[in-house]
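Laboratory data are not the source of any read-out in this text; all were calculated from the coordinates shown. Nothing here was measured: the structure is a model prediction, and the numbers come from that model. For neighbour counting, all protein chains shown are included, and Cβ atoms are generated from backbone atoms with ideal geometry for every residue, glycine included.
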Amino acid sequence: MIRKIIKEDIKEVMPFLQQLWPDTPIDHNKIEEVFNRYLIDDNYEMFCFEEKEILGIITISKRYAFYYGSTVAIIEDLVVDQQNRGKGIGGKLLEFAEKEIKAQGISAIEVASDIHRNQAHLFWEKHGYTRSAYQFKKILDSE
């Protein structure tokens, strides 16, 4: 079953984010703060695939973009538990999210995927996504 993530899911969701960034220590307080903002802001949505427990999550943000002349949806995170990958859960979450996004009148979706995630790149291409840009980032000092 796919459903919206609720506040009580935070403890179950946190390990998915650690699986997404296994080499990066995550600040649980900061993650919880972002999680709570996602819950109250209409420009963010979180869904999970659940069978007795959460097996996968997808998070979506929406913003206006000059390029599209309208709103674009961004799939921020799509993570399936390591033990349950290859079972179609990610595809089901993606299909569900695409239907939700389309129902909101949004006609474009963007996804960024780290350079080293070759399996993820194959997943996106398998689902009709094309490589269209390089993404750059810079972490600013917090002085």
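Quick check on packing: order 2-8, 41-47 by the mean number of other C-beta atoms within 10 Å, highest mean leading.
41-47, 2-8
Would you give the gap between the C-alpha center of the stretch 113-143 and the C-alpha center of the stretch 26-103, rounded to a whole Å?
16 Å
Place a +1 charge on the Cβ of each Lys and Arg in the stretch 2-126 and a -1 charge on the Cβ of each Asp and Glu, then give the dipole magnitude about the Cα centre in debye, rounded to the nearest 20.
320 debye
Any lysines with Cα under 22 Å of the LYS126 Cα? List them, leaving off those in the same chain fewer than 8 positions away.
Counting by Cα, and skipping residues close in sequence, LYS126 has these lysines nearby: LYS87, LYS92, LYS99, LYS102.
Take every Cα pair under 8 Å in the stretch 2-126 that's 6+ residues apart, average their separations, divide by the length, and report that relative contact order as a whole percent.
With pairs under 8 Å counted, the relative contact order is 21 percent.
Using only alpha carbon positions, build the gyration tensor of the chain, then give the equivalent ellipsoid semi-axes as the square roots of 5 times its eigenvalues, largest first, whole angstrom. Each step should come with its number before you reach the end.
On the way: eigenvalues 92, 77, 64 Å².
That gives 21, 20, 18 Å for the three semi-axes.
Please give, to one decimal in nm, the separation of the simple spin-label points placed at HIS116 and ASN29, each 7 Å out from Cα toward the Cβ.
Using points 7 Å along Cα→Cβ, the separation is 2.9 nm.
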